[in-house]
Every structure is written in C-alpha cells, then in structure tokens.
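Q: Sharing a structure, written as structure tokens. Questions coming.
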Amino acid sequence: MDATLDTHERSLYAGWIHSPSVASSDPIETILAFKIGRLLDFPGSRVLKVLRGQTGLDPEMVRRVEVFVAEDPNLDFEGHGEGRRIRLIGSVTS
C-alpha cells in the first residue's frame, strides 16, 4: 500500500476528510485509513481509530485491520496501544 490516490479516490477522499468524525493533522494517516477502510469495507473513521490503537471498537474489525497492516510490507505500527500511529515504510507518497 502507498499513500497515493487515483482520480476517483481523490474525489471520494475529498468528501470523506471533511466529515466531523475524521480528525487528524497527518495526511498520510488519513489516506491510509481511507484506503484500508475501502479495501476492507469498514468506515474510514473507524479504521483511523483502530490505527491509533483506540479501545472500545468492534474486535473483529480491529483484528482484520491489524492483520491487514501486519501483512502489508509497506505498513507498520509505531508505538503500542492507545496513541500508536501507522507508519508507511519506503513507499511513494503524494
């Protein structure tokens, strides 16, 4: 996975990022949450919370997102538990 968006994704992302449930100052984090959410069919705002290690989320969704990150060679978590961050490893961003 990378942090690029094609034309169609950019259009969808532009509407999603302005949702009141999405709050982040890190564009890479939000793009990854958006893309993972679309691939796994979960709301991107919930995926963002999973990526941050927040508690109180659906355990199956958490498991699937964490497995997805673990299996993607370009993604990794930085830190553990509440407040962790997703990290993009050596991939194109823009």
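Q: What's the number of the condition residue 3 fails, among (1) at pLDDT 95 or above; (2) surrounded by 13 or more Cβ atoms within 10 Å (Cβ to Cβ)?
A: With respect to (1) at pLDDT 95 or above; (2) surrounded by 13 or more Cβ atoms within 10 Å (Cβ to Cβ), residue 3 is out only on (1).
Q: Can you spot a residue in region 34-50 that is surrounded by 15 or more Cβ atoms within 10 Å (Cβ to Cβ) and of a type in the set (Ser, Thr, Tyr)?
A: Yes - at least one qualifying residue is present in region 34-50.
Q: Residues that are assigned to a helix (DSSP H, G or I), surrounded by 19 or more Cβ atoms within 10 Å (Cβ to Cβ), within 11 Å of the chain's Cα centre (by Cα) and not β-branched (Val, Ile, Thr): does region 15-31 have at least one?
A: No, the conditions are met nowhere in region 15-31.
Q: Further question on the same structure: Restricted to region 57-80, and to residues that are within 20 Å of residue 3 (Cβ to Cβ) and in a loop (DSSP other than H, G, I, E, B), which residue is modelled with the lowest pLDDT?
A: 79
The values are calculated or read from the model by the stated rules, or taken from the named source; none is laboratory data. As the structure is a prediction and not an experimental result, all values here were calculated from the model. Cβ sites come from the backbone with ideal geometry, for glycine too, and all protein chains shown count toward neighbours.
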